[in-house]
1. Give the span of region 2-105's Cα atoms along each principal axis, as three whole-Å numbers ordered largest to smallest.
2. List the trypsin sites (Lys or Arg not before Pro) within region 658-750 that DSSP assigns to loop and that have no more than 13 neighbouring Cβ atoms inside 10 Å.
3. Can you put S527, S380 in order of Cβ neighbours within 10 angstrom, beginning with the fewest?
4. Would you mind listing how long the chain runs along its three principal axes, going by Cα atoms, in whole Å with the largest first?
5. Per 5 Å bin from zero, what fraction in whole % of the C-alpha pairs of region 124-195 is there, up to the bin with the longest pair?
6. For n ≥ 4 DSSP H runs only, could you compute -39500 (n - 2.57) per run for the chain, divide by its residues and tell me the 222 nm figure to the nearest 500?
7. Students often get this wrong, so check it: of K94/K671; K89/K386; K31/K194; K89/K646; K309/K548; K521/K700, which have C-alpha atoms separated by over 28 Å?
8. For the chain, what are the DSSP H helices with axial Cα length of 24 Å or more and mean Kyte-Doolittle hydropathy of at least -0.5?
Amino acid sequence: MYAEVIINNNAKALNRIFDYLVPKELENDIKVGARVFVPFGNSKKLEDGFVINLKEESEFANKDNIKFKEIAKIEKEQVLTENNITLAKLMARKYFCNISDCIKLMLPPGTGAKILENRTKEKTGNFVYLKLDKDEIEFRIEEQKIKSDKQIRALRFLEENDGIYIADLELLADVTRAVLKTLEKNGYIEIVEKQIERNPFINKKVERDEPKQLTQEQEKCFNGINFCIENDEFCKSLIHGITGSGKTEIYLQLIQKVLEKGKDAIILVPEISLTPQMVDRFLARFGDNSVAVLHSKLSIGERYDEWQKITKGEKRIVIGARSAIFAPVRNLGIIIIDEEHDMSYKSDMAPRYNAKDLAKYMAEKANCPLVLGSATPEISTMYLAKENEYALYTLTKRANNASLPNVEIVDLRNELALGNRSMLSFKLQEEIKKNLENKKQTILFLNRRGYSTFIMCRDCGYVAKCKNCNISLTYHMSENKLKCHYCGFEQSTIKVCPECNSSKVKYFGTGTQKLEDEVHKLFPDASTIRMDIDTVSKKNSHEEILNKFKDENIDILIGTQMVVKGHHFPNVTLVGVVSADSSLNLEDYRAVERTFQTLVQVAGRAGREEYGNVIIQTYNPDHYAIIDSQKQDYNLFYNQEVSLRKMLKYPPFCDIIMISFSGKDISEIQKISNLVYSKLKSVINDDIFVFKPVPSPIDKIKNKYRWRIIIKCKVTSNVLNMINYAIEDEKIKKCKETRIIVDINPNTMS
């Protein structure tokens with residue numbers, strides 16, 4: 001028997017199948033998906049890999065001088081299935097990456113190391129148990145056979161908390177390890193080493209709730225999708241519901257039906273900051289014994305334990321960010337993708353997969369529903385719904401009959417004419433003041449972190465730039481440093497221009513730190529809290545900030561896109577968008593769409609339980625994205641945007657494929673990009689548009705130059721073959737200093 005093995009290595013040259021002979025003694029143990037250890041090349045050390053196929057004969061067996069190497073070991077724990085291997089192959093082909101890169105996404109967290117066998121995956125600790133019953137202990141205390149106050153305190157604590165972790169016992173009962181050792185020696189207790197259950201919900205206290213009465217719109221949606229659940233049918237549904245319309249309640253009741261059929265559910269959410277509130281809703285409905293959470297802010301140990309509980313069928317509801325789509329559920333019954341428009345469902349790193357594409361594939365294989373939900377669906381998704389590829393359900397009313405907030409546009413050009421140089425318009429200042437007087441909360445949204453976005457000399461025009469990237473440095477006042485948001489480079493701030501020695505160095509642009517500083521000056525008595533990537537680096541910091549804002553009734557929350565989606569704050573009645581134009585003029589065909597989505601989503605944080613106001617500050621008050629967001633009219637925006645997309649041949653009417661070239665040798669990059677372009681032009685047809693290679697908008701990042709080729713077409717098997725043909729040229733393979741990346745419908749065009 002022979003095994004086809006993929007070596008666990010991200011080198012492009014090793015993205016191929018190697019045939020190994022399976023020893024007779026291992027034939028009964030080996031399966032597709034098994035992790036194996038094999039001799040490879042001239043190395044004396046075993047390499048690990050994955051079996052992707054088994055066969056009785058190898059096509060290389062009759063070739064001269066072919067001597068097959070044997071598999072040395074098989075890992076006992078089978079973590080991959082044949083379905084995993086099939087999916088990994090499909091992903092590698094579609095997303096132009098190694099099969100092993102795709103396989104790693106499907107492994108338990110923390111098991112991507114080269115050699116797994118000697119690593120302790122479980123965290124163990126000492127737990128304390130009573131060896132005598134309570135009556136016997138009380139008798140010995142009364143007879144003064146146990147005299148030490150500390151020993152008595154420990155024993156009585158154990159009577160109510162038997163089996164406690166030893167460190168917790170020492171802390172809570174205020175006893176030392178020596179006291180416990182004495183009790184163990186005298187036979188009163190036993191100390192047992194066992195696995196510690198790392199529970200990410202350990203500090204959560206959530207009251208259980210019951211299903212709510214559905215509105216007519218919700219019930220129609222629920223019944224349509226539940227029909228597919230009851231009949232084990234694959235179906236694709238889009239729930240287009242305004243903010244606060246009760247999409248989550250529909251998710252909860254659909255999942256209840258899935259659980260009743262003995263099946264499992266996966267729910268994807270876009271942001272780590274959004275996960276805590278979604279988790280709370282599910283814990284309140286189903287309890288922590290049913291719900292697993294998977295996202296990068298958990299420790300490796302916590303994620304590993306959650307993964308194992310899912311694998312064993314102990315937890316049947318999985319909530320997480322993009323990578324949770326690979327959770328090892330046993331019997332998939334539904335996949336739900338909340339805020340489906342969010343760009344975080346598309347990976348920016350290899351493998352550059354789109355979780356929505358994989359969810360469709362997996363739901364179809366499992367004959368179960370795929371449900372997408374959003375107040376502002378992606379244009380491409382809505383187009384498919386209108387073409388009847390998705391069942392479309394519309395929720396037009398808020399679940400608690402609350403009104404949509406009143407949205408007002410402020411023209412910042414008029415503010416300048418009136419002499420207002422503040423970041424906050426007179427109208428927004430007035431509304432914040434009213435909110436403070438009425439003990440209501442305010443959210444201020446600005447999608448730029450830091451204090452100032454760039455520093456420039458007013459005499460010579462010098463701009464402080466990153467030494468590694470062709471991008472301006474951002475000033476962070478709290479640390480008094482200039483930082484690059486691309487490579488992490490930082491330096492001390494400058495007061496004198498290094499080019500002309502002028503002292504006329506000015507800070508331009510605004511970020512969340514500067515906004516926070518200005519709010520403190522305008523409203524010195526107001527309490528504030530800031531939420532951006534600089535304040536949420538620690539574990540659980542997202543949840544801590546959101547809980548603090550809600551529970552301590554902090555007056556003003558200042559934040560970036562993290563505050564936009566999904567949060568429910570009953571006391572927030574005012575939202576201010578400080579600069580609606582920050583994303584409007586980006587070099588990206590989706591800039592307008594993302595601006596509209598962001599404005600509608602952030603407006604949805606206001607007035608969730610009582611009347612709310614939203615103020616949008618802009619220099620482009622007549623732009624249709626701004627006007628349509630004021631009207632909260634998605635259909636109006638969709639009709640305008642999709643007609644432009646059709647005219648310009650952008651998605652959903654085609655796909656955008658970006659082939660990127662990066663390296664330190666600019667001449668080699670130019671040579672290779674032109675070679676790839678020539679090969680593409682030699683095989684394309686009239687339906688495929690290939691644009692000549694040019695420098696990327698940000699043409700240098702991390703000391704590497706960047707060029708790109710843009711292709712506009714519908715992605716088909718032939719197109720994938722064509723691109724592989726172009727980039728697999730032998731001349732290109734010899735140029736090892738230049739990296740080539742193929743990205744289908746990338747998140748950013750920069």
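1. In descending order, the Cα extents are 35, 28, 27 Å.
2. On the way: sites: K664, K671, K679, K681, K700, K702, K704, R706, R708, K712, K714, K731, K733, K734, K736, R739; in loops: K664, K702, K714, K736.
Within region 658-750, the qualifying trypsin sites (Lys or Arg not before Pro) (loop, at most 13 other Cβ atoms within 10 Å) are K664, K714, K736.
3. Values: S527 14, S380 20.
Ascending Cβ contact count within 10 Å gives the list S527, S380.
4. 89, 83, 65
5. 3, 17, 33, 27, 13, 4, 1, 0
6. Numbers: 22 runs with 241 residues, N = 750.
My calculation for the chain gives -9500 deg cm²/dmol from helical runs alone.
7. Working: K94/K671 26 Å; K89/K386 32 Å; K31/K194 31 Å; K89/K646 33 Å; K309/K548 31 Å; K521/K700 39 Å.
The answer is K89/K386; K31/K194; K89/K646; K309/K548; K521/K700.
8. Values: long enough: 666-683 (26 Å, 0.16).
For the chain, where a helix must reach 24 Å along its axis and average at least -0.5, the hits are 666-683.
Read-outs throughout are calculated quantities, based only on the coordinates presented, and are distinct from any laboratory measurement. Note that the structure is a prediction, hence the values are computed from the model and not measured. Neighbour counts run over all protein chains shown; Cβ positions are idealised from the backbone, glycine included.
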